[in-house]
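To start, the structure itself, in structure tokens.
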Amino acid sequence: MNLFFYHNRSVKTPVVFGIILLMWTISAQAQTFSKQNVKLYDYFNTFFIQEIPVKVNGLPLKADSVYGLEKVKLTLHHKRISDLKIQLQAPNGTTVWLTNRNGGLEGKDYIETCFRQYGKDGLVNTGKPPFTGEYIPDGQITYLNNGSDPNGEWKLLVEDLKSGEEGFLDSIEITFSDKPAFMRQKKYCSLENPGQCSCGIKGCELLPDLVVVPYFTQKQYQEFAFDDQVYPGQLKISVAIGNIGMGPLEVSPDTLLTGGCCTIDSSKTKTDKRYQLLQKIYSKSGSSFTSRTQKTGTIYFENKPGHQHYHVDDWIEMRLIKIIKGKRKLMCKGSKVSYCLFTTGMLYEGNQSSLINGKVFGSHMLNYGLGNYYACSLAKQGISVGGYDYYGLMYEGQYLQLPKGFKNGNYILEIEIDPEHKYVESNVRNNTFSMSIKIEKQN
């Protein structure tokens, strides 16, 4: 159609401008897309993800920092929401966690639960059911505003990880606007924009510095009695591994040994093999990055429910220590726990979790946000600068098994990152976290 058919030459320019402005105004308005009334299935005793499609159309062709996904709101009924892992997937396949096994042992329902990048009611993994309000999700919504086309089929992915309860999704709403979820940074330092990144005091090799984020472990642990019917003698513990260094932690398989397995994002590849990992270490050279690799640990496919992705071996070790006559005695030690390494959350100075060893970390950090790691891919995993990788107390393996006859009393809980010292960091002296803990249900 000729847009100027009814206009003379003198008014062509304002008509074109007016039409473009009108089209932009319409597309820039907040638009919400939804799906209602879906039965949620119980655990099938096998790996199964229920996909709930939400059709999206009529949006600009790029979701980014100008216009993109702003928030996600859901209402669902379930008598034991700690069974549920809930994710949101974009049409291009990018997937982020909304909430993963939160709510404790007896929590019920998500009612008008709104997920935003900086939800005013805090982190969903420290909230209380039914989570009515605005929460920071277990993943980073900003990863969905990555310049891809938001038009198409979005999916709410619901995985039930324990049998005994069905549920019902009343509604899922996803809202796009000119106030998209995006990470707040003082300087936009990224692997694509090295010019805004800084060198460290000791040079321009940008090393990670891994620490346990105290807030999560101090607030989220639970002891079960020796005769508990479900978790006898278990001490369940939440752990978040933060990166407060100048550079990201990034690992990938050694493709020379794996036969080129990982030249693309192979997060859905399944194999029983263990692959040798290489840590990629970045250096800033002028206005660009160079890198070197260091042989480190191994990675394997974890097929337990709730996982079905790749885990890095021997990532943390948990211990209980007793001080007897001024000397340490190891009372209980767990198996080394493997983790999938990706940035589930960011340290932000407005959150209580940002206080580590007496110092507040957040968006003022040098190189904050450097490195994008949003999936448990075989091709690449890592933790961004200022990011953390959170494992809740209801996740598999997140416990110490207290021996039969274990005595009640006061102990010290220790959690050590990289207990075999395979990974390169700027500081390994802060890899072990400890806190006092009282055991009182074992005899």
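Do we have Tyr67 as surrounded by 16 or more Cβ atoms within 10 Å (Cβ to Cβ) and either modelled with pLDDT under 95 or touching a Phe, Trp or Tyr at 6+ places or on another chain (Cβ under 6 Å) (or both) here?
Taking the combined requirement at face value, the residue does not satisfy it.
Could you check how many residues of the range 153-176 are of a type in the set (Lys, Arg) and surrounded by 17 or more Cβ atoms within 10 Å (Cβ to Cβ)?
Residues that pass the stated criteria total 1.
Going residue by residue through the range 353-363, is there one that turns out to be in contact (Cβ under 8 Å) with a residue 12 or more places away in the chain, of a type in the set (S, T, N, Q), surrounded by fewer than 18 Cβ atoms within 10 Å (Cβ to Cβ) and in a loop (DSSP other than H, G, I, E, B)?
Yes; the residues of the range 353-363 include at least one that is in contact (Cβ under 8 Å) with a residue 12 or more places away in the chain, of a type in the set (S, T, N, Q), surrounded by fewer than 18 Cβ atoms within 10 Å (Cβ to Cβ) and in a loop (DSSP other than H, G, I, E, B).
If I ask for residues that are touching a Leu at 6+ places or on another chain (Cβ under 9 Å) and modelled with pLDDT under 85, which ones from the range 269-300 would you list?
Residues satisfying the conditions are Thr269, Thr271.
Mind listing whichever residues of the range 199-233 are of a type in the set (Ser, Thr, Tyr) and touching a Ser or Thr at 6+ places or on another chain (Cβ under 7 Å)?
Tyr215, Thr217, Tyr221
Looking at the range 104-134 only, could you name the residues that are over 19 Å from Gly167 (Cβ atoms) and hydroxyl-bearing (Ser, Thr, Tyr)?
Tyr118, Thr126
If you go through the range 221-257 one residue at a time, how many are surrounded by fewer than 21 Cβ atoms within 10 Å (Cβ to Cβ) and within 15 Å of Phe433 (Cα to Cα)?
Total satisfying the criteria: 1.
Of the conditions (1) part of a loop (DSSP other than H, G, I, E, B); (2) more than 24 Å from Thr142 (Cα to Cα), Met183 fails just one. Which one is it?
Going through the list (1) part of a loop (DSSP other than H, G, I, E, B); (2) more than 24 Å from Thr142 (Cα to Cα), Met183 breaks only (2).
Tell me, which strands (runs of 3 or more DSSP E) lie completely within the range 38-150 with 2 or more residues that are without any contact (Cβ under 8 Å) to a residue 40 or more places away in the chain and not assigned by TED's automatic domain parsing to the domain that holds Ser384?
In the range 38-150, the matching strands (runs of 3 or more DSSP E) lie at 110-115, 133-135.
Tell me, yes or no, whether the range 278-290 has at least one residue that is over 30 Å from Gly334 (Cα atoms), surrounded by fewer than 19 Cβ atoms within 10 Å (Cβ to Cβ), in contact with a strand residue (DSSP E or B) (Cβ under 7 Å, 6 or more places away or on another chain) and not hydrophobic (A, V, I, L, M, F, W, C).
Yes, the range 278-290 contains a residue that is over 30 Å from Gly334 (Cα atoms), surrounded by fewer than 19 Cβ atoms within 10 Å (Cβ to Cβ), in contact with a strand residue (DSSP E or B) (Cβ under 7 Å, 6 or more places away or on another chain) and not hydrophobic (A, V, I, L, M, F, W, C).
Given the criterion among the charged types (D, E, K, R), under 19 Å from Glu396 (Cα atoms) and more than 20 Å from the chain's Cα centre (by Cα), identify the matching residue among Lys108, Lys162. Give the derivation first.
On the way: Lys108 fails: under 19 Å from Glu396 (Cα atoms).
Answer to the selection: Lys162.
I'd like the full set of residues that are over 13 Å from the mean Cα position of the chain (by Cα) and within 20 Å of Glu416 (Cα to Cα), limited to the range 337-358.
Answer for the range 337-358, where residues must be over 13 Å from the mean Cα position of the chain (by Cα) and within 20 Å of Glu416 (Cα to Cα): Val337, Ser338, Ser353, Ser354, Leu355, Ile356, Asn357, Gly358.
Does the range 177-199 contain any residue that is buried (at least 17 other Cβ atoms within 10 Å of the Cβ), closer than 30 Å to Leu413 by Cβ, within 21 Å of the chain's Cα centre (by Cα) and not β-branched (Val, Ile, Thr)?
The answer is no; no qualifying residue exists.
Would you call Phe433 within 30 Å of Lys120 (Cα to Cα), crowded, with 21+ Cβ neighbours inside 10 Å and touching a Phe, Trp or Tyr at 6+ places or on another chain (Cβ under 8 Å)?
Numbers: within 30 Å of Lys120 (Cα to Cα): yes; crowded, with 21+ Cβ neighbours inside 10 Å: yes; touching a Phe, Trp or Tyr at 6+ places or on another chain (Cβ under 8 Å): no.
No, not satisfied.
What number of residues in the range 197-244 are part of a strand (DSSP E or B) and more than 25 Å from Met365 (Cα to Cα)?
Here the count works out to 7.
Only one of these conditions is not met by Gly58: (1) surrounded by fewer than 20 Cβ atoms within 10 Å (Cβ to Cβ); (2) at negative phi. Which number is it?
Evaluating Gly58 over (1) surrounded by fewer than 20 Cβ atoms within 10 Å (Cβ to Cβ); (2) at negative phi leaves (2) as the failure.
Could you grab me the full set of residues in the range 372-409 that are modelled with pLDDT of 95 or more, within 16 Å of the chain's Cα centre (by Cα) and part of a loop (DSSP other than H, G, I, E, B)?
Selection gives Ser384, Val385, Gly386.
The values are calculated or read from the model by the stated rules, or taken from the named source; none is laboratory data. These numbers were taken from a predicted model, which means no experiment stands behind them. For neighbour counting, all protein chains shown are included, and Cβ atoms are generated from backbone atoms with ideal geometry for every residue, glycine included.
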